[in-house]
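Input: a single structure, listed below in structure tokens.
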Amino acid sequence: MAAENSEPEKCVKCLIEFNGDKAIGCEGKCKWWFHLKCSELNNKDFNVIKNCEGVKWFCETCCSEKEVIDNILKALELLNEKVNALECKQEKMLQEKYAADSSALRSGEKSKGSNVL
């Protein structure tokens with residue numbers, strides 16, 4: 001069996017040996033390898049991916065999973081923003097209540113003080 005990140009003997013899509021054909025490995029969770037033609041990349045894109053450090057290619061399966069994960073992360077980010085907004089609103093309401101209670105307490109003390117002769 002081939003070591004992880006090394007090119008295996010067969011393409012996972014067509015199950016045909018590589019025999020020197022251009023091949024590309026998925027940088028996603030699967031780490032599968034494909035013939036260039038099976039990856040649906042064109043030569044130009046293939047060369048960019050192979051020759052530019054940091055440029056990664058993900059197979060269709062991993063792209064689908066990545067898209068789902070990205071959507072979940074976006075939803076979590078929106079929920080976090082809503083929670084933060086609610087916390088701010090709650091804090092403001094508590095401050096207003098505290099101010100109103102303090103004001104009522106001071107008013108009550110003044111009333112009591114004015115009744116005393």
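The values are calculated or read from the model by the stated rules, or taken from the named source; none is laboratory data. Model, not experiment: these values are computed from the prediction. With ideal geometry, Cβ positions are generated from the backbone for all residues, glycine too; neighbour counts draw on all protein chains shown.
Points worth noting:
- Lone unmet requirement of (1) at pLDDT below 90; (2) closer than 20 Å to SER64 by Cα for GLU4: (2)
- Selected residue (criterion: surrounded by the fewest Cβ atoms within 10 Å (Cβ to Cβ)) from residues of the range 10-51 that are aliphatic (A, V, I, L, M) and assigned to a loop (DSSP other than H, G, I, E, B): LEU15
- Any hit, the range 52-66, residues being more than 24 Å from GLU9 (Cβ to Cβ), of a type outside the set (Gly, Ala, Ser), more than 25 Å from the chain's Cα centre (by Cα) and not in a helix (DSSP H, G or I): no
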